[in-house]
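Working notes, beginning with the structure itself.
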Amino acid sequence: MNKIPTLFLRDPDNRKRLLDEVHPGCRWVLDGEGVATRKYDGTCVLLDEDGVWWARREVRPARTRPPGYRAVMTDEVTGKTVGWEPIAQSAYARYHDEALATERRAFKPGTYELIGVKVNGNPEGVRGHALVAHAEADRFDVPRDFAALRDWLLAHPQYEGIVWHHPDGRRAKLKHRDFAQAAILTV
């Protein structure tokens with residue numbers, strides 16, 4: 001799990017604002033490559049190949065990493081390290097257990113979004129707690145330019161955003177809140 005880059009560059013003077021300039025590593029999205037899927041608003045968890053569940057965890061600079069933590073990458077801009085911690089020690093452990101007990105199905109290795117009443121204020125509006133496989137997320141036919149994407153996301157506030165998946169494994173994202181911020185800059 002690497003941090004997914006935002007499709008458009010952020011204003012270096014105000015990181016809440018986007019520039020109408022594509023991130024260099026994400027040009028493939030505007031070129032029409034990849035599949036757009038719904039970005040769910042929850043917390044990411046992983047079922048590894050050994051059947052062990054992990055929770056995504058971001059550790060700020062100068063903070064102690066939790067026991068068993070597996071670092072994946074450090075963001076050069078923020079200094080935050082993204083990685084996995086054993087789900088049992090995560091703040092979301094009991095909600096994850098509830099989702100597993102409720103769904104009673106076989107889970108395949110991969111990443112999932114844990115959503116529910118005790119996760120991020122339940123913006124997804126679900127009852128209880130659930131696990132949504134990222135590989136099975138709703139697919140969208142969305143525009144592929146700055147202005148049209150802004151209009152589409154602002155017209156769909158019920159979605160946290162969009163994640164594009166390239167066949168070679170690259171991903172790019174765009175969140176509703178990226179456009180819901182008051183000021184958007186054009187280059």
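The values are calculated or read from the model by the stated rules, or taken from the named source; none is laboratory data. Everything numeric in this text was worked out from a predicted model, so none of it was measured. Every residue, glycine among them, receives a Cβ derived from its backbone with ideal geometry; neighbour counts consider all protein chains shown.
Is there a residue being exposed (fewer than 14 other Cβ atoms within 10 Å of the Cβ) and part of a strand (DSSP E or B) anywhere in the range 164-186?
No, every residue in the range 164-186 fails to be exposed (fewer than 14 other Cβ atoms within 10 Å of the Cβ) and part of a strand (DSSP E or B).
For the range 89-109, which residues satisfy the criterion of being outside any loop (DSSP other than H, G, I, E, B) and surrounded by fewer than 14 Cβ atoms within 10 Å (Cβ to Cβ)?
Across the range 89-109, the qualifying residues are Gln89, Arg94, Ala101, Glu103.
Within 30 Å of Asp145 (Cα to Cα) and either assigned by TED's automatic domain parsing to the domain that holds His176 or touching a strand residue (DSSP E or B) at 6+ places or on another chain (Cβ under 7 Å) (or both): which single residue out of Val82, Val77, Val119 fits that description?
After applying the criteria, what remains is Val82.
Starting from residues that are surrounded by 18 or more Cβ atoms within 10 Å (Cβ to Cβ) and closer than 26 Å to Val117 by Cβ, keep the ones in the range 52-81 and report whichever is farthest from the chain's Cα centre (by Cα).
Result: Trp53.
Go through the range 133-163 residue by residue and tally those that are in contact with a Phe, Trp or Tyr (Cβ under 8 Å, 6 or more places away or on another chain), part of a loop (DSSP other than H, G, I, E, B) and not acidic (Asp, Glu).
Residues in the range 133-163 being in contact with a Phe, Trp or Tyr (Cβ under 8 Å, 6 or more places away or on another chain), part of a loop (DSSP other than H, G, I, E, B) and not acidic (Asp, Glu): 3 in total.
Need at least 2 residues that are within 17 Å of His176 (Cα to Cα) per element, so show me which strands (runs of 3 or more DSSP E) inside the range 4-62 make the cut, counting only ones lying wholly within it.
Because the criterion is at least 2 residues that are within 17 Å of His176 (Cα to Cα), the strands (runs of 3 or more DSSP E) in the range 4-62 that meet it are 8-11, 14-22, 35-39.
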